[in-house]
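Right, one structure below, let's go through it.
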Amino acid sequence: MTCEEILDQSIEARYVAETLSEEEAEAFEAHYFACETCWASVQRALEVRAASGTPVVAIAPIRETATKLPRRVASPGRWAMLAAAAVVVAAGSWLLTRGGGPPGSDATTAMRGATDTLAVVVTMNGGTAYVSWSRARGASTYRARVLNATGDLLLAREVTDSTVSIAIDSIVPRPSGALFVQVDALDQLHAVLARAPLTRLAPFAPAKSP
Amino acid sequence: MSPSAGDRYSTGATPNAPAEQAPAGIDLAESVLVARFWERIRLFATRRLRDVASAEDVAQETIRRVIEALRAGRVQDLDALPGFVFQTARHICLQRMRSSGRENRAMERMAADSSEASEAPDVLTALVSAERCAAVRAALASLDPPDRELLELLYYEAVDSADVAARLGISAGALRVRKHRAVRRLSELLGESVP
């Protein structure tokens, strides 16, 4: 693999998106161990990827813990049944939140037409949070964001599935204090169609092995 | 996040090294190695092991073994050093993957049971610190929109470069030039030089 090939095909872009084959990825790795230019290039690609896809709208500082009293809203019935069934699965502790977000919050009113809510389920297992949510009609992607108690964005993931696993231990610098996850359903233009209420990522002792 | 050479790992005394060969020279070599290869190994290992803590263990072990090999004279040609570091890291990763294989499969089953579909987390971007993210985010925001959009298309949305060129109505060569300029402007905004 030469610098020419890498530049022509933006190999570094495919590497950080993990769309290269294992062989191609390894060839690129062998190359960047020796090549300063391509090493700088892949670092830049990774940073841009990590820094992109963050909200244009500033997140209002969070002063209270996430879970509010559940409010009755139009419920996706099937989701509620699945969630109830999931509770009996012995895979760790479950934190189930439903309902609308705090009324009149800056974050909510700043979004156009974001009246729908997503239901979110979080499982913590050791240092990893497994987050699942209900699907929203018209959504192209879903964005899960990990925030600290002051509303700082620590980590963001954008996926097409309705689930994501987040290695909390891999957040550097290691955050102290409570962490929260917020999930948004986005349309093709990245406008927010629906938002789940902030959900606390509670620390949990590792599940006992069966 | 490169650690200082002295406190990250024990280098141990070479059995037959005379006491007069003070560590000073060796510490310098270690610092150089760490500076040059630590982040590379970390990225390499994170992609394979899917977690940053394990990747850092691999980086430490790799540096330790490479220094040992250097002292034992097993790396004669310094041009071969990057390849040697690469192979060492690769070997250590393979060992770890084999030994933790059973553990990982059990975790995957548990995750599959508890979510609708399994999804590989974007663990590579977790390597970028929050501060660095913030700095790059600010720099991106200051870029001209066409430059920013180009970099986001390539690196965030991961659109194939041929498709990006087609979307922008330019040739592959023109895309290369534009990308190079956009990256250079981003580097300037970050106060860094492009190698």
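The values are calculated or read from the model by the stated rules, or taken from the named source; none is laboratory data. Predicted, not measured: the structure shown is a model, and the values here were computed from it. So basically every Cβ, Gly included, is an ideal-geometry build from the backbone, and we count neighbours across all protein chains shown.
One residue stands out in region A:12-27 among those that are within 10 Å of another protein chain (Cβ to nearest Cβ) and touching a residue at least 24 places away in the same chain (Cβ under 8 Å): the one that is surrounded by the fewest Cβ atoms within 10 Å (Cβ to Cβ), namely A:Ala17.
Assess whether B:Leu151 counts as being crowded, with 20+ Cβ neighbours inside 10 Å, of a type outside the set (D, E, K, R) and at pLDDT 95 or above.
For B:Leu151, the condition - crowded, with 20+ Cβ neighbours inside 10 Å, of a type outside the set (D, E, K, R) and at pLDDT 95 or above - is met.
Taking region A:162-189, which residues are acidic (Asp, Glu) and either part of a loop (DSSP other than H, G, I, E, B) or surrounded by fewer than 17 Cβ atoms within 10 Å (Cβ to Cβ) (or both)? Selection gives A:Asp169, A:Asp187. Among residues of region B:180-192 that are without any contact (Cβ under 8 Å) to a residue 24 or more places away in the chain, those with a beta-carbon under 9 Å from a residue that is outside any helix (DSSP H, G or I) at least six positions away or on a different chain give the pairs B:His180/B:Val194; B:Arg184/B:Val194; B:Ser187/B:Ser193; B:Ser187/B:Val194; B:Glu188/B:Val194. Residue count for region B:152-195, restricted to those that are within 27 Å of A:Val159 (Cβ to Cβ) and of a type in the set (Asp, Glu): 4.
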